[in-house]
Amino acid sequence: MQPHLSLIGHKMSQLTGVRAIMKDIVETLQSEPGKWTNLSAGNPLILPEVEAMWREYTQKLLAGPDFGEVVGRYGASQGYMPLIDAVVDWFNTHYHWGITRRNVLITPGSQALYFYAANCFGGYDAEGRLRKIVLPLSPDYTGYGGVTLTTESLHAYKPAIDIVAPHRFKYRPDFDQLHIGETTGAVLFSRPGNPTGNVLTDTEVQRIVDLAAAYNVPVLIDSAYALPFPNLVFTAMTPVFGENVLHCMSLSKAGLPGERVGIAIGDERNIHALECFQANAAIHSSRYGQALAAQAINSGELARLSETVIKPHYQHKAEVLTAALDREMPDDVPWYLHKAEGAIFAWLWLKDLPISDKQLYQEIKKEHVIVVPGASFFPGLNEDWPHKEQCLRISLTATGEELGAGAAAIARVVKRVYGG
């Protein structure tokens, strides 16, 4: 018997973005185990040095006097105070932000944080006005498509596209089109970007922050790949902060995806609203992962491994894939790789692609290679735009050999599709 769902229940029971295609990906990988080159993975790699650090701090927690308090008692909705203190100390010491405990909130991962924020700041207000969640540069993280309970409140803007070198391009915010005004509830973007690896410049970010500040609009900067941890940044950037900025972090790509630890730093009034939302929705985040994170931040080991292990690993993989595509892809096809500036993915644009991205995905599957079609990464951009069906996301979590083989397979399919 089908359940009688509310409008919200119906919306939240539907898969969005990449999750909608994951069923096919999982079934495909299981159909012939060991015969597929998987370039679709969103899970970060388990790097031995990083795993060893988390194992060491787990053992210290188990042997220490705080274990019972951490796992055997409820805590404050704001988060585990030793972790909050570690965050405050780190950002004041290294970035001189002048924050206090009241400026920090710990959440069950950053996805939960964006769900809280999208529905605290977006949707219909008390006067019945629709307040929009603005994504200033599309494509962006597919998960943003599922965070708002009011579907029509999510609104994305097309980017400007710069060809920066032969077969290279970069997205930039189109400030001639971007609108932030009285009906804007919040602005949200990832930096570095998922899926593109794009890093908005400090100047671009500050311009967005200033536009939003004029209307008292919070700007959520999704820093899941950024400084100081996991520090998956391959270009110059500085974390931007301000009164209307919510600096949002995750420890998932720093080796703790299973523990769901998200961190928000911002004005205490915004933090308080989000804390109350969390208290109603989930009470608080898991204290076990928070206790491990507090140790790793306080010791400086998390920052050290981010700089010396995590970043170099993925930067090398980006270089391997780039070289493989340059070697294998046909010169007479208008293919462009987004400039590799960070994160754990590469973004391939096939201009004037004769078929859709989903059809291309199926053709590449015939080569026993799995990628992710790009149309899932344009949440909130509802207008027709051919570019949305001309892109692929390629994971950098595969081995160097797999990236090379995958690039060769993609190139073979591209040659066929373009009639080469």
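The values are calculated or read from the model by the stated rules, or taken from the named source; none is laboratory data. All values derive from a computational prediction rather than experimental measurement. Note: ideal-geometry Cβ built from the backbone for every residue, glycine included; neighbour counts use all protein chains shown.
Please indicate, with yes or no, whether at least one residue in the stretch 120-139 is among the small types (Gly, Ala, Ser), in the same structural domain as His247 (by TED's automatic domain parsing) and in contact with a Phe, Trp or Tyr (Cβ under 8 Å, 6 or more places away or on another chain).
Keep residues of the stretch 120-139 that are among the small types (Gly, Ala, Ser), which gives 122-123, 126, 128, 138.
Filter again for in the same structural domain as His247 (by TED's automatic domain parsing), leaving 122-123, 126, 128, 138.
Checking which are in contact with a Phe, Trp or Tyr (Cβ under 8 Å, 6 or more places away or on another chain) leaves us with 138.
Yes, the stretch 120-139 contains at least one residue that is among the small types (Gly, Ala, Ser), in the same structural domain as His247 (by TED's automatic domain parsing) and in contact with a Phe, Trp or Tyr (Cβ under 8 Å, 6 or more places away or on another chain).
Having 1 or more residues that are of a type in the set (Asp, Glu) is the bar; report the helices (runs of 4 or more DSSP H) wholly within the stretch 268-337 that clear it. Quick ask: steps written out before the conclusion?
Details: elements: 268-281, 287-299, 301-305, 311-328.
The qualifying helices (runs of 4 or more DSSP H) are 268-281, 301-305, 311-328.
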Q | Residues being in contact with a Phe, Trp or Tyr (Cβ under 7 Å, 6 or more places away or on another chain), of a type in the set (Val, Ile, Thr) and surrounded by 24 or more Cβ atoms within 10 Å (Cβ to Cβ) - total across the stretch 180-202 | A | 1
Q) Restricting attention to the stretch 65-122, which residues are within 25 Å of the chain's Cα centre (by Cα) and at positive phi? A) Gly79, Gly109
Q) Cβ-Cβ below 8 Å, separation at least six or inter-chain, first residue in the stretch 388-416 and at negative phi, second surrounded by fewer than 19 Cβ atoms within 10 Å (Cβ to Cβ) and basic (Lys, Arg): which pairs? A) Glu389/Lys358; Gln390/Lys351; Ala407/Arg327; Val413/Lys366
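Would you mind stating whether Asn216 is in the same structural domain as Arg102 (by TED's automatic domain parsing) and under 19 Å from Ile99 (Cα atoms)? Let's see the steps before the verdict.
Details: in the same structural domain as Arg102 (by TED's automatic domain parsing): yes; under 19 Å from Ile99 (Cα atoms): no.
Taking the combined requirement at face value, the residue does not satisfy it.
Scan the stretch 150-171 residue by residue and report those that are surrounded by 15 or more Cβ atoms within 10 Å (Cβ to Cβ) and touching a Leu at 6+ places or on another chain (Cβ under 9 Å). Spell out the reasoning first.
Filtering the stretch 150-171 for residues surrounded by 15 or more Cβ atoms within 10 Å (Cβ to Cβ) gives 150, 153-159, 161, 167-171.
Thr150, Ser153, Leu154, His155, Ala156, Tyr157, Lys158, Pro159, His167, Arg168, Phe169, Tyr171, listed by residue number.
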Q.
Checking the conditions here, which among Gly185, Gly181, Gly193 is closer than 25 Å to Ile163 by Cα and either not hydroxyl-bearing (Ser, Thr, Tyr) or not assigned by TED's automatic domain parsing to the domain that holds Lys253 (or both)?
A. Gly193
Q: Could you list, in sequence order, all residues of the stretch 260-291 that are more than 14 Å from Gly79 (Cβ to Cβ) and of a type in the set (S, T, N, Q)?
A: Asn270, Asn280
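In the stretch 36-72, what count of residues is obtained for those that are touching a residue at least 40 places away in the same chain (Cβ under 8 Å) and part of a loop (DSSP other than H, G, I, E, B)? Even if it seems obvious, please write down each step before you answer.
From the stretch 36-72, those touching a residue at least 40 places away in the same chain (Cβ under 8 Å) are 36-47, 49-51, 53-54, 57-58, 60-61, 66, 70-71; that's our starting set.
With the extra rule that they be part of a loop (DSSP other than H, G, I, E, B), the set shrinks to 36, 39-47, 66.
Within the stretch 36-72, residues that are touching a residue at least 40 places away in the same chain (Cβ under 8 Å) and part of a loop (DSSP other than H, G, I, E, B) number 11.
Any chance you could count how many residues in the stretch 52-83 are of a type in the set (D, E, K, R) and either more than 22 Å from Glu301 (Cβ to Cβ) or outside the structural domain of Gln295 (by TED's automatic domain parsing) (or both)? Break it down into steps so the answer makes sense when it comes.
Taking the stretch 52-83 first, the residues of a type in the set (D, E, K, R) are 55-56, 60, 66, 69, 73.
In the following step, the residues that additionally are either more than 22 Å from Glu301 (Cβ to Cβ) or outside the structural domain of Gln295 (by TED's automatic domain parsing) (or both) were identified as 69, 73.
Summing the residues that are of a type in the set (D, E, K, R) and either more than 22 Å from Glu301 (Cβ to Cβ) or outside the structural domain of Gln295 (by TED's automatic domain parsing) (or both) in the stretch 52-83 gives 2.
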Q: Considering only the stretch 18-59, state which residues are more than 23 Å from Thr142 (Cβ to Cβ) and either surrounded by 14 or more Cβ atoms within 10 Å (Cβ to Cβ) or hydroxyl-bearing (Ser, Thr, Tyr) (or both).
A: Ser31, Leu47, Glu49, Val50, Met53, Trp54, Glu56, Tyr57, Thr58
Q: Mind telling me which of the residues Leu381, Leu353, Leu403 ends up being modelled with pLDDT of 95 or more, in contact with a strand residue (DSSP E or B) (Cβ under 9 Å, 6 or more places away or on another chain) and outside any loop (DSSP other than H, G, I, E, B)?
A: Leu403
Q | Cβ pairs under 6 Å, 6+ apart, first in the stretch 75-86 and over 16 Å from Ser250 (Cα atoms), second surrounded by fewer than 17 Cβ atoms within 10 Å (Cβ to Cβ) | A | Ser77/Ala279
Q: Please tell me if Lys317 is within 22 Å of the chain's Cα centre (by Cα) and either farther than 30 Å from Leu61 by Cα or surrounded by 21 or more Cβ atoms within 10 Å (Cβ to Cβ) (or both).
A: yes
